[in-house]
1. Is there a residue in region 179-190 that is more than 30 Å from residue 250 (Cβ to Cβ), surrounded by fewer than 20 Cβ atoms within 10 Å (Cβ to Cβ) and touching a strand residue (DSSP E or B) at 6+ places or on another chain (Cβ under 9 Å)?
2. Kindly state which strands (runs of 3 or more DSSP E) lie completely within region 81-145 and contain at least 1 residues that are over 35 Å from the mean Cα position of the chain (by Cα).
3. Which condition number in (1) at pLDDT 95 or above; (2) surrounded by fewer than 13 Cβ atoms within 10 Å (Cβ to Cβ) is the one that residue 83 fails?
4. Is it the case that some residue within region 307-322 is over 38 Å from the mean Cα position of the chain (by Cα) and assigned by TED's automatic domain parsing to the domain that holds residue 382?
5. Do you know which residues across region 168-211 are more than 13 Å from the chain's Cα centre (by Cα) and in a loop (DSSP other than H, G, I, E, B)?
6. Among the residues that make up region 284-292, is at least one of them modelled with pLDDT under 90, in the same structural domain as residue 382 (by TED's automatic domain parsing), in contact with a helix residue (DSSP H, G or I) (Cβ under 9 Å, 6 or more places away or on another chain) and assigned to a helix (DSSP H, G or I)?
7. Out of all the residues in region 246-262, which are crowded, with 17+ Cβ neighbours inside 10 Å and more than 10 Å from residue 151 (Cβ to Cβ)?
8. If we scan region 269-277, do we find a residue that is within 26 Å of residue 156 (Cα to Cα), surrounded by fewer than 19 Cβ atoms within 10 Å (Cβ to Cβ) and out of contact with any helix residue (DSSP H, G or I) (no Cβ under 7 Å at 6 or more places or on another chain)?
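The values are calculated or read from the model by the stated rules, or taken from the named source; none is laboratory data. Just so you know, these numbers come straight off a predicted model, no measurement behind them. Backbone-built Cβ (ideal geometry, glycine too); neighbour counts: all protein chains shown.
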């Protein structure tokens, strides 16, 4: 997709509480009995709904393997439940293996029909699955695997919607992690490791669209790095950008300020062009010119401070700076940061940087902002998240 449009998403002020679409509501059926669970899926007209044990587990909120089978308590009024070519009757008992061969065939005039069942699991509450028939059914959502890196005792967030996901959908966690707690508000995923936990952890999720259809399960892999010196920023606790800020500080890329015994990152402070350029060079592992630089060749060279000239000369040689003038003391806008990043990294790194910032802000790539927001100034927190995915490029 257009890179400028993708980058302009990063600075939305409405974070995790904003719905994916103001005018698109994901509707699930509601039961008069609060103990009964009700679900919905959709098929295109003339199609058959194929069911499975894992699909029912996900809808019931069960872990993999928890559902041993079901007992059908009511049949669809318009349509049939078919197992191995045979029509099922009321009170049929199906094993887990049989659920993987179960099909729902809607009636010829069916628009919405369902069946009820009792699950064979710890929670035997009655459940009803409705199948809706529609003429215009989009492809089911596509969930992608995600890799996250955080620090011990530091939470992290992810926005799991891929670029190709243009239909409204929400997130449902399907497998729990072992070393922390994963939660979702429907649009983003948050993960908090248990106290002193380190190493690898993982959990799974699906996307559920407005038609009630599920994506395939995707895996979130979390690397929990040991925070050996228990470093933290006093002004970043609980912030979405906290892990990224610690990463850049520990790597010597963008450090905070120590006041007394506490460290402060100043996440809302605006980055200047010169500061952002230095961060990009550090993220690339490129050192500035060793010798003093007197002349950069820029048209405004006479007005440039000496300390920035070695970095500018290096950036010019790296083709990061291609303009004839550069004003290091001015704030860097989203649009300018996008262009510098485009020149600094290959496409895979650029995508990682943009996705990383979107993740922290809980945004997906189809939540476009107005074009004038590309002129918004980049903050230190934004910069940290942009570069946090590039830890492999940091100098040791």
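1. First pass over region 179-190, keeping only residues more than 30 Å from residue 250 (Cβ to Cβ): 186.
Now narrow it down to the ones that are surrounded by fewer than 20 Cβ atoms within 10 Å (Cβ to Cβ): 186.
Narrowing further to those that are touching a strand residue (DSSP E or B) at 6+ places or on another chain (Cβ under 9 Å): 186.
Yes, the conditions are met somewhere in region 179-190.
2. 93-95, 102-106
3. All conditions are met except number (2).
4. First, pick out the residues of region 307-322 that are over 38 Å from the mean Cα position of the chain (by Cα): 307, 309.
Okay, now just the ones that are also assigned by TED's automatic domain parsing to the domain that holds residue 382, so 307, 309.
Within region 307-322, one or more residues are over 38 Å from the mean Cα position of the chain (by Cα) and assigned by TED's automatic domain parsing to the domain that holds residue 382.
5. Correct list: 168, 176, 177, 178, 179, 194, 195, 196, 197, 198, 210, 211.
6. yes
7. Filtering region 246-262 for residues crowded, with 17+ Cβ neighbours inside 10 Å gives 246-251, 253-254, 256.
Passing the criteria: 248, 249, 251, 253, 254, 256.
8. yes
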